[in-house]
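Working notes for the structure below.
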Amino acid sequence: MAIAMTDEGSLAERAASRSKDPIPRRQEQTLLIGHITDFHALEPGERLGGKLDTNRLAEQAVEAMNARLSSSDVVVVTGDLTHDGKAGAMREARTILDKLSVPYLVLPGGHDNPANFLDTFGDKPYLASWTRDGGYSVDDFPVRFVAINTNSATADSASITPRTCDWLDRTLTADRDRPTFVLMHHPPFQCSIPVATYLRDPEVTWAATLKSVIGRHDQAQLVLCGHVHRAIQTVWAGALVSVAPATCVQSEPMFRAVPQSSDKGRRVELVLEPAACQLHRWDGGTFTTYTLPTDMSYRRVG
Ligand SMILES: [Fe+2]
């Protein structure tokens, strides 16, 4: 797994500056966390661009989770459940997710209509506290999960309100001892995917505030995101941020000429390559991240 360096110094410098205390190892508390994202589900019978059956691809991701996880594990779903936000598409996403054989934690992405999301998933107890200015925490597993809302008015932009950052700080402060995974749709770091240019906008200040909050909490070890349709990892605020690939189409990075946030009509180059998911294995003291295809029909050769 490649770890990209940020422009804030070496890993060693960052590690020294944070002086993380090792979290007590809890051998008996192993856990697999399946991470699937960006279904872009449509109403039954519809196809993305008239061709691509994103609903079937989402089902394939669920089948891959069921094949790899046991009943004590959990799946996290980091948004863009739907492509167009329609209520019928959201219900389709719910139908697909309910085929999981393990519990799942879900949050909306930029393509999702917030009202349709809550109408469809509002019976989940953890979503009782879900608002524009907050999130939820789940304490039922060997690691703690804390999810925050990053949605703004447009699908490709992101916004985390000051109240959300305050809520996250208070929520993390309430339990500093448990290893914690933070869930959010939009990645908080700049990358070479055109849909992540929001961080180049000089008016965006939430990323710095969020970084200071996460950086104050040593137990926040892993930040899980979606949105950019590509498996990407970086070290940020002392945590590993891991973006899972989409279950439908992937995006092509633009390493040499990433458009600026002010560029209108910036084009995302989408590619149809084998869809994938991530599995994060917590062994009671550390986690390891695997990126795996969702198509389980690959034949074993050894
Ligand atoms: Fe997406």
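Looking only at residues in region 27-45 that are among the β-branched types (Val, Ile, Thr) and not in a strand (DSSP E or B), which one is modelled with the highest pLDDT?
In the first step, residues of region 27-45 are kept if they are among the β-branched types (Val, Ile, Thr); the result is 30, 33, 36-37.
Next, only the ones that are not in a strand (DSSP E or B) stay: 30, 37.
On the way: Thr30: 92, Thr37: 98.
Ranking the candidates gives Thr37 first.
If you check Tyr126, Tyr104 for being of a type in the set (Phe, Trp, Tyr) and within 16 Å of the chain's Cα centre (by Cα), only one passes: Tyr104.
Entry remark, region 114-141: residues being of a type in the set (S, T, N, Q) and at pLDDT 95 or above number 3 in total.
Of the residues examined, Thr173 is not one that is surrounded by fewer than 19 Cβ atoms within 10 Å (Cβ to Cβ), farther than 19 Å from Ile36 by Cα and modelled with pLDDT under 95.
Gly122: touching a Cys at 6+ places or on another chain (Cβ under 9 Å) and either within 16 Å of the ligand (Cβ to nearest atom) or more than 21 Å from Gly45 (Cα to Cα) (or both), yes or no? When the stated conditions are applied, Gly122 does not pass them. Answer yes or no as to whether Leu270 is under 25 Å from Arg56 (Cβ atoms) and at pLDDT below 95. Judged against the criteria, Leu270 is a match. The residues of region 149-174 that are over 15 Å from Arg216 (Cβ atoms), out of contact with any His (no Cβ under 6 Å at 6 or more places or on another chain) and among the β-branched types (Val, Ile, Thr), listed by number, are Thr154, Ile160, Thr161, Thr164. Of the residues making up region 155-186, those that are in contact with a Phe, Trp or Tyr (Cβ under 9 Å, 6 or more places away or on another chain) and within 16 Å of the ligand (Cβ to nearest atom) number 5.
Among the residues of region 276-291, what is the count of those that are surrounded by 15 or more Cβ atoms within 10 Å (Cβ to Cβ) and either aromatic (Phe, Trp, Tyr) or modelled with pLDDT of 95 or more (or both)? Working first, answer last.
We begin by selecting, within region 276-291, every residue surrounded by 15 or more Cβ atoms within 10 Å (Cβ to Cβ); these are 276-280, 282, 284, 287, 289, 291.
Among the residues that remain, those that are also either aromatic (Phe, Trp, Tyr) or modelled with pLDDT of 95 or more (or both) are: 276-280, 282, 287, 289, 291.
So the answer is 9.
Where residues in region 216-251 are of a type in the set (Ser, Thr, Tyr) and within 14 Å of the ligand (Cβ to nearest atom), which of them is farthest from the chain's Cα centre (by Cα)?
Filtering first and then ranking leaves Ser251.
Could you list all residues from region 157-178 that are assigned to a loop (DSSP other than H, G, I, E, B) and among the polar types (S, T, N, Q)? Even if it seems obvious, please write down each step before you answer.
The initial filter retains those residues of region 157-178 that are assigned to a loop (DSSP other than H, G, I, E, B), namely 157-161, 174-178.
Answer for region 157-178, where residues must be assigned to a loop (DSSP other than H, G, I, E, B) and among the polar types (S, T, N, Q): Ser157, Ser159, Thr161.
Might you check whether a residue that is crowded, with 18+ Cβ neighbours inside 10 Å, assigned to a loop (DSSP other than H, G, I, E, B) and in contact (Cβ under 8 Å) with a residue 40 or more places away in the chain occurs anywhere in region 192-203? Don't jump to the end; show me each part of the working.
Taking region 192-203 and keeping what is crowded, with 18+ Cβ neighbours inside 10 Å, we get 192-198.
Remaining after also requiring assigned to a loop (DSSP other than H, G, I, E, B): 192-193.
Now narrow it down to the ones that are in contact (Cβ under 8 Å) with a residue 40 or more places away in the chain: 192-193.
Yes, region 192-203 contains a residue that is crowded, with 18+ Cβ neighbours inside 10 Å, assigned to a loop (DSSP other than H, G, I, E, B) and in contact (Cβ under 8 Å) with a residue 40 or more places away in the chain.
The values are calculated or read from the model by the stated rules, or taken from the named source; none is laboratory data. Every value quoted in this text rests on a predicted model; they were computed, and no experiment measured them. Using ideal geometry, Cβ is built from the backbone for each residue, glycine included, and neighbour counts are taken over all protein chains shown.
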